[in-house]
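S.K.: Just passing along the structure, written as structure tokens.
The values are calculated or read from the model by the stated rules, or taken from the named source; none is laboratory data. Computed from a prediction, not measured in an experiment: that's the story for all the values here. Cβ atoms come from the backbone with ideal geometry, glycine included; neighbour counts cover every protein chain shown. Only protein heavy atoms, including side chains, enter the accessible area calculation; ligands, DNA and RNA are left aside. Shrake-Rupley method; radii C 1.70, N 1.55, O 1.52, S 1.80 Å.
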Amino acid sequence: MSDRELIRAAFRARERAYSPYSRFQVGAALLGEDGKVYDGCNIEMSSYGATNCAERTAFFKAVSEGTRSFQAIAIVGGKEGEAVSDYCPPCGICRQVMMEFCSPGSFRILLGKSEEDYQEFTLEELLPLGFGPGNLK
Ligand code: THU
């Protein structure tokens, strides 16, 4: 699975966003260690706080299906009805979920404007000194 293909999967997932309140559509594609891809979109609720981000949708799908090791995630987001024009960084809660299941130094986070135009970070770069499972040992 190439970076381009992962970003393409995130764009496809974005088409399924349920975001009638913010009208901001996010798609994510999470690559498991085994090469399987889990898609996710944001799912909003009329009680706004119950909304789930695209990234967490992808993680919860994967974990509930038995995958707990991951290589990378591609994220794309932007206003409904418009082409994606900015990078969409993951929110703090989603970074913490990544910290639960991913290795901070090697998990790759791809923020795409298009399949060709994307920025790449490690989890450690986006969540320095993160608190994770290792801190409870
Ligand atoms: N959103 C995501 O899906 N991922 C993020 O990391 C940032 C925000 C969603 C949540 C909400 O449905 C909409 O974008 C606006 O905040």
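S.K.: Could you figure out which of (1) in a helix (DSSP H, G or I); (2) surrounded by fewer than 19 Cβ atoms within 10 Å (Cβ to Cβ); (3) under 12 Å from the mean Cα position of the chain (by Cα) isn't true of GLU100?
M.R.: Just one mismatch for GLU100, condition (3).
S.K.: Restricting attention to segment 7-48, and to residues there that are away from the ligand (no atom under 11 Å from the Cβ) and aromatic (Phe, Trp, Tyr), which single residue is most open to solvent (accessible area, probe 1.4 Å)?
M.R.: PHE11
S.K.: Where residues in segment 49-75 are assigned to a helix (DSSP H, G or I) and more than 9 Å from the chain's Cα centre (by Cα), which of them is surrounded by the fewest Cβ atoms within 10 Å (Cβ to Cβ)? I'd like the intermediate steps shown before the answer.
M.R.: Of all residues in segment 49-75, those assigned to a helix (DSSP H, G or I) come to 49-50, 54-64.
Now drop any that are not more than 9 Å from the chain's Cα centre (by Cα), which leaves 49-50, 60-64.
On the way: GLY49: 5, ALA50: 9, PHE60: 14, LYS61: 14, ALA62: 22, VAL63: 15, SER64: 9.
Within segment 49-75, the match that is surrounded by the fewest Cβ atoms within 10 Å (Cβ to Cβ) is GLY49.
S.K.: Let me ask another. Considering only segment 113-137, state which residues are in a helix (DSSP H, G or I) and either of a type in the set (Phe, Trp, Tyr) or touching an Asp or Glu at 6+ places or on another chain (Cβ under 9 Å) (or both).
M.R.: Step one: list which residues in segment 113-137 are in a helix (DSSP H, G or I), which gives 123-126, 133-136.
The one that is in a helix (DSSP H, G or I) and either of a type in the set (Phe, Trp, Tyr) or touching an Asp or Glu at 6+ places or on another chain (Cβ under 9 Å) (or both): PRO133.
S.K.: Okay, moving on. So, in segment 80-126, exactly how many residues are among the basic types (Lys, Arg) and closer than 21 Å to SER64 by Cα? Give the derivation first.
M.R.: Here is the first cut: in segment 80-126, the ones among the basic types (Lys, Arg) are 95, 108, 113.
Now narrow it down to the ones that are closer than 21 Å to SER64 by Cα: 95.
Looking only at that region, the number is 1.
S.K.: Touching a residue at least 12 places away in the same chain (Cβ under 8 Å), part of a loop (DSSP other than H, G, I, E, B) and among the acidic types (Asp, Glu): does that describe GLU82?
M.R.: Values: touching a residue at least 12 places away in the same chain (Cβ under 8 Å): no; part of a loop (DSSP other than H, G, I, E, B): yes; among the acidic types (Asp, Glu): yes.
Criteria not met by GLU82.
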